[in-house]
């Protein structure tokens, strides 16, 4: 406790209502203390740092002006919501962030009435805010009441089509709601696209306020220091599209841009907007990601995500590893192939670092495309590249690929276009919890005709699967791999294409066969060793492919063993379902085979360490051993597992 910052005013805040008893000068001090507390807390837990530091003043101002939880403040993505959590009665638990049984790293409805809408994916806030606004106007109910709806959305999130779909609908419905555009010129990666350029041009013109009022000569309604900018605002109006700015063309009253770190601007503008707005209103706020903490400000990504760190130096405390990360293995393998094949191109959706494409982008800038937070576009863009004779790799997190599923079906699979899907963060991911877990990709991909779906058991297998994808030109192909480091196997100098639809035998045994799909193979082998000590010697195989299945290997395992158990890091409906369908079609169950599957349970698993999450899922080595014993009807006599 002695190392924690002194926060005399923040100590008086138990809920946002307490902020409304402070003077504006005191709110400035609260913001300073809130920033220090956020840095201190994240240094102990790790997590998303830079985004929260960039909205400290905005968070204080919003809670001082609006009346949450009646007014609904909706944080887009919500990785910037740690300061919000501190101000809304959760400060005593803030050092449990992203830990088992602790606070979520994102907003979560079940956690607090001050989190009216859960989020962790991008660009949902405006749609949700419009829903709250319409519910309010149509007599909807909520325990805390329904007041104003406020969506806080970053400039990176505004690159997604969903945000503009929502704004278009909001302008049409003309309901009173507020959109705070948090423009920090930095999402996770440097921003891309025409919208980013547009926002930069607006900022370069200098501050100007409510253009409609300015154009009518109602300059006196504007707070200082913006009156002087009103004349310039009218001139700016003449140079943009008919109907005002881009946002005004969508039906929003536009206010901004204003300095998001200056309470003398934030507070009067928010108060004015709340008092006078009648329809949808967009307030454009300029902030700096990582603001107020030098190591975060210096970082290329603004200190987006961090492990535990030393507050004084910013040095992160990462555990050493002797194995490369799966993400880096993918990135390096793709680079090797790209050096030999100019048709290889890469597509990602605002995650060049997270998907391992940073070096690819540096070496081949004309062949690497960061499309912004726009997974639907990424998939169809890749389909167009494939139709044009290139070999596109569309690298997305499993949980983000979900956002482009219609495009995978309609634009890729039906046309049998050879798009290569590199699916990062497959399986359970730890501290980011259920929203980022790669649980469903095998299930939603493997049911598509003509697609190839692979899962790497280790980092060497991943290298071979990259080579397999490069060589596959007969339709879509996907390979999945988890977050974090590999298992430390010997790496081949170069990946070798695998035979499509062929698995591999790992060890021969008898009685029971364990068929693994993905990186649980390590735990399967540990379970096999434990079973050896009991006199049970299972066969172990690595499926490699969920689509097409290795029919010969699976039918051989099923006919030579009393029991067959599949193990995967995916949801119900995935690999095991395809195996069960094959066995049923071949009449294998009629011969008395005991078939069992081990999959992720039919629940969303909250944040914890990956080890704890897999324990909750029942997919650790001890769980696999227990499943074998239960299937064979062997009593477990050791007390630890009784």
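None of the figures in this text is laboratory data; all of them are computed from the coordinates on show. Predicted model, so just to flag it, every value in this text is computed and none were measured. Virtual Cβ from ideal backbone geometry, glycine too; neighbours counted across all protein chains shown.
Residues 627, 317, 502, ranked from the fewest to the most other C-beta atoms within 10 Å, line up as 317, 502, 627. For an R0 of 51 angstrom, estimate the FRET efficiency from the Cβ-Cβ distance between residue 593 and residue 135 and round to the nearest 0.05. Efficiency at R0 = 51 Å is approximately 0.45. One chain, two ends: residue 24 and residue 631. Fully extended at 0.36 nm per residue, the span grows by 211.8 nm beyond their Cα-Cα distance. Between 0 and 90 degrees, the angle of helix 459-471 with respect to the longest Cα principal axis of the chain falls at about 80 degrees. Placing one equal scatterer on every Cα of region 504-641 and applying the Debye formula, the log10 ratio I(q)/I(0) at q = 0.10, 0.11, 0.12, 0.20 Å⁻¹ is -0.31, -0.37, -0.45, -1.23.
Need one word for region 326-480: rounded, prolate or oblate. Basis is the Cα gyration tensor (sqrt eigenvalues a ≥ b ≥ c); a/c below 1.5 gives rounded, then a/b vs b/c decides. Rounded, because the longest to shortest axis ratio a/c is under 1.5. Taking every C-alpha pair closer than 8 Å and separated by at least 6 residues, the mean separation divided by the residue count of the chain gives a relative contact order of 11 percent. If the Kirkwood radius is taken over C-alpha pairs of region 411-533, then at 37 °C and 0.692 mPa s the Stokes-Einstein diffusion coefficient equals 207 µm²/s. This ranking places 516, 40 by how few other beta-carbon atoms lie within 10 Å of each, fewest first, which gives 40, 516. Note on the chain: helix-only mean residue ellipticity at 222 nm, from DSSP H runs of 4+ residues weighted -39500 (n - 2.57) and normalised by residue number, equals -10500 deg cm²/dmol.
In percent, rounded to a whole number, the relative contact order of region 344-445 is 26, using alpha-carbon pairs under 8 Å and six or more apart.
From most to least packed by mean Cβ count within 10 Å, the peptides 131-142, 343-354, 99-110, 248-259 give 343-354, 248-259, 99-110, 131-142. Of all DSSP bridge pairs formed entirely within region 326-480, close to 5 percent run antiparallel. May I ask you to work out the translational diffusion coefficient for region 84-143 at 37 °C, viscosity 0.692 mPa s, via Stokes-Einstein with Rh from the Kirkwood sum over Cα pairs, reported in whole µm²/s? Once the numbers are plugged in, D ends up at 253 µm²/s. Were the residues from residue 173 through residue 502 laid out at 0.36 nm apart, the gain over their Cα-Cα distance would be 112.9 nm. For region 469-566, what does the alpha-carbon gyration tensor say about shape, rounded, prolate or oblate, given a ≥ b ≥ c as the root eigenvalues, a/c under 1.5 as rounded, and a/b over b/c as prolate? Oblate. Exposure proxy shown here: for 561, 79, 537, the number of other Cβ atoms within 10 Å sets the order, fewest to most, as 537, 561, 79. Working ranking of peptides 277-290, 153-166, 403-416 by packing, defined as the average number of other Cβ atoms within 10 Å per residue, highest first, is 153-166, 277-290, 403-416. DSSP assigns beta bridges within region 504-641; of those with both partners inside it, close to 15 percent run antiparallel. Beta bridges per DSSP, both residues in the chain: antiparallel share near 15 percent.
Between 0 and 90 degrees, the angle of helix 551-560 with respect to the longest Cα principal axis of the chain falls at about 50 degrees.
In this rough spin-label picture, where each label sits 7 Å from Cα along the Cβ direction, the residue 315-residue 603 distance is 4.1 nm. For the chain, the longest principal axis of the C-alpha atoms and the axis of helix 125-137 are separated by about 60°.
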